Amino acid sequence: MINKINFAQGIQNIQFKPAFKAKETQSETETVTVPDNIVSFKGAEALANYNKPNVMTFDKSVLDVEPILPTVIQPDAIGSIEGEKIYGSNGKLNSIVNRVGNTTVIYHASTEFDNMIDSITTIDKKTGNVIKEQRNEIEDGKYTNMSVNEYDPATGNGFRQTTYKDGKPSYASKSITNERGLKQEIEYNFENGHYSVYESTKGEHFGRDYEFNKNKELISVYEHKNFRGAETESIVNFYNGAVISSRQTKSEVLPNNMGREILSDTDITPADTSVYPESIEGEKTFYSNGSLESVTAGDLIYNYSPEGNITYIKDGNKTMEVKNKCTTIVENFEDGAVKTTKSYEDGFVTVDYEKDNYKKYLSLDNGNPTYYREENDDRTLKCFHFNDKGMLESAWGDDI
């Protein structure tokens, strides 16, 4: 039984494949389970037998994932939070900072409901890295969903996460590196009781995804290998411990620069954040602790957190917001078009362009395109998929 966390009490410490590819061969065969002492080396059965020893030696002890308990603070209990209360120039509570021991805990008040907590950030004083972060979703003055993340104090890399929906844990995950040097992402689904484990090498050249049911019995194994542009994908399905089907697909993306013309389209050129300096001169406001809150110079407005970080910039028809390790720039054009650029700390960037019923979407990973889509009403005009080298591997749509 899953215990429900009461979000309404005081303070409690308690996340298609396209139509065709450049060159592809595929073999798909439904296999019939054979006795263990008979080993087939033909087609899909060979694949199943190849994977079986790996599956049988899988260490199921890694499947156990303990949920991280969230901190639930109701409006009538916010006054009992210990620490320095920081107010904005408008008199509203911005945050509460509690410096104790080796950590600093910052409780960020909601901008809409200043008597409720939007997020809680715990920082390691020695390294300056965030070691725990909780984000709350608030609707109609009530907490609904929450996510809690834990990070390595030395590197700042995340290694545990738990999400809650309506007071109950929904997903819990953890990241570890096993004895073979493979990174493992383990996730438990509280709603159906299933487990999943994703193993990968550095650079994602090899990956294997296991799925287990609530009894920790294997359901499927998916594996992909990527070597010099050639990709192999295989999947083996299980029922009651026996292989019931398997499939293997091999594809090779031929070296090409096709599709990259989209990078010259100014509609989806990512907005440049570097055009804004760290500070400007103008009319200033301050927080109650004396730290800079905002600077206004004509149509240009800078907002800062009490810690001195830029949180928001308004520049005429353009806004920039920095939140949850993501920088979002929204540009509103005179012709009614809107472009939204999201830039993440790991180098992943997305661009959404919309004008009336016409839409474009682009995603890039460290400058290389990964996906492009162009739509008009309900029609898909173009859809491009790129491999990890930025080479086009599939294309479809009405205008292709």
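The values are calculated or read from the model by the stated rules, or taken from the named source; none is laboratory data. These numbers come from a predicted model, not from an experiment. Cβ sites come from the backbone with ideal geometry, for glycine too, and all protein chains shown count toward neighbours. Accessible surface is based on the protein model in full, side chains and every heavy atom, while ligands, DNA and RNA are left aside. Shrake-Rupley method; radii C 1.70, N 1.55, O 1.52, S 1.80 Å.
For this structure, a couple of remarks:
- Here's the picture: charge each Lys and Arg Cβ at +1 and each Asp and Glu Cβ at -1 in the stretch 319-381, and of GLY336, THR380, LEU362 the one pushed furthest to the positive end of that dipole is LEU362.
- Spatial offset of the stretch 213-262 relative to the stretch 329-400 amounts to 26 Å, using the alpha carbon center of each.
- Using Cβ point charges alone (K and R +1, D and E -1), the dipole size of the stretch 314-359 about the Cα centre works out to roughly 140 debye.
- Considering the stretch 199-311 at the alpha-carbon level, its Rg and Dmax are found to be 26.4, 71 Å.
- Solvent accessible area, Å² - ILE301, 1.4 Å probe, full protein context: 50
- Ranking ALA297, VAL275, SER245 by Cα position along the charge dipole of the stretch 224-319, where only Lys, Arg, Asp and Glu carry charges on their C-beta atoms, puts SER245 farthest toward the positive end.
- Taking N as the residue count of the stretch 124-255, its C-alpha radius of gyration divided by 2.2 N^0.38 Å amounts to 1.33.
- Cβ-derived FRET efficiency at R0 35 Å, ASN157 paired with SER264, nearest 0.05: 0.50
- Restraint check, LYS132/LYS325; LYS132/LYS214; LYS183/LYS250, Cα-Cα greater than 18 Å: LYS132/LYS214; LYS183/LYS250
- Calculated FRET efficiency for the pair LYS92/THR340, C-beta based, R₀ 25 Å, to 0.05: 0.35
- Straight-line cross-link reach from LYS389 at under 17 Å between alpha-carbon atoms covers these lysines, not counting any fewer than eight positions away in the same chain: LYS21, LYS23, LYS202, LYS225.
- Residue order by solvent-accessible surface for ASP265, ASP352 is ASP352, ASP265, largest first, with ligands and nucleic acids left out and a 1.4 Å probe.
- Note that the stretch 187-253 shows a convex hull volume over its alpha carbon atoms of 90 Å³ per residue.
- Greater than 20 Å apart at Cα, pairs in LYS339/LYS360; LYS174/LYS216; LYS318/LYS382: LYS318/LYS382
- Packing, as the average of other Cβ atoms within 10 Å across residues, places the peptides 282-291, 114-123 in the order 114-123, 282-291, highest first.
- Measure of compaction for the stretch 333-397 (Cα Rg per 2.2 N^0.38 Å): 1.19
- Given charges at beta-carbon only (K, R positive; D, E negative), |dipole| of the stretch 49-197 in Debye: 460
- Among SER173, THR127, GLY158 the positive-end extreme of the charge dipole of the stretch 96-197 (Cβ point charges): THR127
- Computed [θ] at 222 nm, helices only, for the chain once each DSSP H run of length n ≥ 4 contributes -39500 (n - 2.57): -1000 deg cm²/dmol
- The magnitude of the dipole of the chain, with charges of +1 and -1 set on the Cβ of Lys/Arg and Asp/Glu and taken from the Cα centre, is near 1200 debye.
- Set of aspartates and glutamates near LYS142 by C-alpha distance (under 20 Å), chain-local residues within fewer than 8 positions excluded: ASP76, GLU112, ASP114, ASP118, GLU133, ASP166
- Share of Cα-Cα pairs in the chain lying beyond 29 Å, as whole percent: 60
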